[in-house]
1. Quick check on my filter: what residues within region 195-211 are over 24 Å from residue 114 (Cα atoms) and either among the hydroxyl-bearing types (Ser, Thr, Tyr) or in a helix (DSSP H, G or I) (or both)?
2. Out of curiosity, is residue 119 of a type in the set (D, E, K, R) and surrounded by 13 or more Cβ atoms within 10 Å (Cβ to Cβ)?
3. Within region 42-54, how many residues are at pLDDT 95 or above and touching a strand residue (DSSP E or B) at 6+ places or on another chain (Cβ under 9 Å)?
4. Given (1) at pLDDT 90 or above; (2) outside any helix (DSSP H, G or I); (3) open to solvent by 50 Å² or more (accessible area, probe 1.4 Å); (4) over 26 Å from residue 2 (Cα atoms), identify the lone condition not met by residue 144.
5. Just to be sure I understand, how many residues within region 162-178 are over 15 Å from residue 211 (Cα atoms), open to solvent by 70 Å² or more (accessible area, probe 1.4 Å) and in a loop (DSSP other than H, G, I, E, B)?
6. If you take the residues of region 26-48 that are touching a residue at least 40 places away in the same chain (Cβ under 8 Å) and farther than 16 Å from residue 83 by Cβ, which of them is surrounded by the fewest Cβ atoms within 10 Å (Cβ to Cβ)?
7. Name the residues in region 183-218 that are among the aliphatic types (A, V, I, L, M), touching a residue at least 24 places away in the same chain (Cβ under 8 Å) and within 21 Å of residue 3 (Cα to Cα), would you?
Amino acid sequence: MNAASLRSLIRSHSIEYAKKNSLPYTEYKTAIIFDNIADNFLPTSYDCIEKKKAWSERLNKRHSQVQNVCEMQSSNSSDALLMNIFCHPKIDSWKGIRKLFGVSEINPEFGIKPELRLKSGQGDRTEIDLAFGNILVEAKLTETDFTQKSVSAVKNYIDVENIFHFNHLPNNGENIFHYQIIRNIIASVQLNKRHILLCDDRRGNLIRNYYEVVKCIKDIGIRKNCGIIFWQDIFSKVGRELKQFLSEKYGIYP
């Protein structure tokens, strides 16, 4: 399934969900925007978000394409989906989730900025979607790809040529493809963390693109610390209330 097809599917599910629960929203071609941010969340998760300052501040992230709207109001927001799951009060009690990620506890942080080292000495704006334990997570839902960046911009990262067989990274001569994954793997190495891509198991292109980057990593230990977990994997490990929400609103099933 490509990005457009998944956007259409989620949009349909979200409209049905909004109508069923009498939630006001505005329709756009590829998504709906909930009038109230809270309506884009499972109430149980949203209650927890409101009680923690670092989490509630994340709700203010602006939408990149719609003026005067927050990212978390969009039915397609991977950030909102991430917080719906990892801010749930029972997330740490689900043994299956801890086992899936290979951690003993989950204390999620969202939107952290590791400030990667650049040859130019300038600041880097890298943002990590989710971090907990020894893991950094890049979350994708309906995004088309991992974006691209000029060869010179990617080479500006101090560690990139130490970590990757640079000439083998996917490129068209002028730009390096799958830039976000390259950047985040550099962050995971600098912070001594594992790197996980969290995406839908129907997004074959994202899966292929991720491993196109991973296979260019020089060190086998770093390669082994990279992997993919699917939203569908998470669905099978969470409680009934969250399962129902994920299936009704996002069309996510095991």
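The values are calculated or read from the model by the stated rules, or taken from the named source; none is laboratory data. These numbers come from a predicted model, not from an experiment. All Cβ positions, glycine included, derive from the backbone under ideal geometry; neighbour counts span all protein chains shown. All accessible areas refer to the heavy atoms of the entire protein, side chains included, with ligands and DNA or RNA removed. Shrake-Rupley method; radii C 1.70, N 1.55, O 1.52, S 1.80 Å.
1. Step one: of region 195-211, the residues over 24 Å from residue 114 (Cα atoms) are 200-205, 207-208.
204, 205, 207, 208 - these are the residues of region 195-211 that are over 24 Å from residue 114 (Cα atoms) and either among the hydroxyl-bearing types (Ser, Thr, Tyr) or in a helix (DSSP H, G or I) (or both).
2. On the way: of a type in the set (D, E, K, R): yes; surrounded by 13 or more Cβ atoms within 10 Å (Cβ to Cβ): no.
No, not satisfied.
3. 0
4. (4)
5. 2
6. Ranking the qualifying residues of region 26-48, first place goes to 30.
7. So in region 183-218, the residues among the aliphatic types (A, V, I, L, M) come out as 185-187, 189, 191, 196-198, 206-207, 213-214, 217.
Still in the running and touching a residue at least 24 places away in the same chain (Cβ under 8 Å): 185-187, 189, 191, 196-198, 206, 213-214, 217.
196, 197, 198, 206, 213, listed by residue number.
This table checks each residue for (1) hydroxyl-bearing (Ser, Thr, Tyr); (2) within 26 Å of residue 191 (Cα to Cα).
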residue	(1), (2)
12	yes, no
15	no, no
31	no, no
40	no, no
61	no, yes
71	no, no
103	no, yes
106	no, yes
111	no, yes
